[in-house]
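Visitor: Sharing a structure, written as structure tokens. Questions coming.
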Amino acid sequence: MLQRSICIFPHFDNMEKIDFLRKKYDRLYRYIPPHLTLVFPFKSTISQEVLTAHIQDVLTGMRPFQITLQGITGSEKYYLFLNVKKGNDLLLSIHDKLYTGILEKYLHRKISYFPHLTVGRLANKTQFEKAITDTAAFTEEFTTVVKELSVEQIDEANYSHSEFTVKLRNT
């Protein structure tokens, strides 16, 4: 049984600023590059061929699209999120479509999904509140074009490895 997730790995010209924040605040910094999760980690025996076909079906007619991220906010369990300012509706739509058919049973119905890029998870309230204060002036804007989705395998040590990608078509 494989543990997988489906993500977008954005490429920003100013990626080093995200890396700086993640190195400081995110304990998963070394395990997975900056990403936006569309399907959260799930364990299954779904074959690569079947999963690829499902993703391609979901993406039918979808072209590459622009996203812009800006502003750090906090969330439950002491997370720090870099928020999506442009492209949010498309990301929500892709998320919802991916969680149909073969992936429907993996949907976390108790958790509301909103697109973001995690830049930190702190150990306690004191660290969290300091991080929120320290990142309040972080107004950098991050813009890129999403061209593909990546299916990641997560190994026993929690490292994420690309299994395959599915490209968005220009036509």
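Visitor: Measure out, as a whole number of angstrom, how far apart the alpha-carbon centroids of segment 10-35 and segment 89-114 sit.
Guide: The distance from the Cα centre of segment 10-35 to that of segment 89-114 comes to 24 Å.
Visitor: Residue-wise, which Karplus ³J(HN,Hα) couplings in Hz belong to segment 86-101, taking 6.51 cos²θ - 1.76 cosθ + 1.60, θ = phi - 60°, and x for glycine or proline?
Guide: Couplings: 9, x, 4, 5, 5, 5, 4, 4, 4, 3, 4, 5, 4, 7, 10, x Hz.
Visitor: Scan segment 91-147 for trypsin sites (Lys or Arg not before Pro) in coil per DSSP, keeping those whose Cβ has at most 16 other Cβ atoms within 10 Å, and list them by number.
Guide: Sparse-neighbourhood loop trypsin sites (Lys or Arg not before Pro): R109, K110, K147.
Visitor: Any idea what the dipole of the chain comes to, in debye rounded to 20, about its Cα centre with Lys/Arg Cβ at +1 and Asp/Glu Cβ at -1?
Guide: Result for the chain is approximately 300 debye, rounded to the nearest 20.
Visitor: Counting other beta carbons within 10 Å of each residue's own, what order do I55, I94 fall into, fewest first?
Guide: Ascending Cβ contact count within 10 Å gives the list I55, I94.
Visitor: How would you classify the chain from its alpha-carbon gyration tensor, with a ≥ b ≥ c the square roots of the eigenvalues: rounded for a/c under 1.5, else prolate if a/b is greater than b/c, otherwise oblate?
Guide: Here the chain falls in the prolate category.
Visitor: Run the numbers for Q70 and S162: contour at 0.36 nm per residue of separation, minus the present Cα-Cα distance, in nm.
Guide: Between Q70 and S162, full extension yields an extra 30.5 nm.
Visitor: Would you be so kind as to identify which of Y25, V145, I67 lies farthest towards the positive end of the dipole of the chain, taking Lys and Arg as +1 and Asp and Glu as -1 on Cβ and the Cα centre as origin?
Guide: Y25
Visitor: So, one more: Run down the aspartates and glutamates and flag those whose C-alpha is under 15 Å from the C-alpha of K97, throwing out any fewer than 8 positions away in its chain.
Guide: The qualifying aspartates and glutamates are D57, D89.
Visitor: With runs of 4+ DSSP H residues as the only contributors, calculate the mean residue ellipticity of the chain at 222 nm using -39,500 (n - 2.57) per run, divided by the residue total and rounded to the nearest 500.
Guide: Computed ellipticity for the chain at 222 nm equals -7500 deg cm²/dmol.
Visitor: Another question, then. Below 8 Å between Cα atoms, with a sequence gap of 6+, how large is the relative contact order for the chain in percent?
Guide: Contact order relative to length: 35 percent.
Visitor: Of K86/K167; K17/K167; K24/K130; K43/K105; K24/K86, which sit over 18 Å apart, Cα to Cα?
Guide: K86/K167; K17/K167; K24/K86
Visitor: Here is a follow-up. Roughly how many debye, to the nearest 20, is the charge dipole of segment 23-66 about its Cα centre, given +1 on each Lys and Arg Cβ, -1 on each Asp and Glu Cβ, and no other charges?
Guide: 420
Visitor: In nm, give the distance between the simple-model label positions of R109 and Q127, each being 7 Å from the Cα along the Cα-to-Cβ direction.
Guide: 3.5
Visitor: Also, quick follow-up: Quote the FRET efficiency, to the nearest 0.05, computed for T45 versus H11 with a Förster distance R0 of 41 Å and r equal to the Cβ-Cβ distance.
Guide: The value I calculate is 0.80.
Read the figures in this text as sums done on the coordinates, not as results from a lab. On a predicted model such as this, the values are computed, not experimentally measured, just so you know. Here the Cβ is made from the backbone with ideal geometry for all residues, glycine too, and neighbour counts use every protein chain on show.
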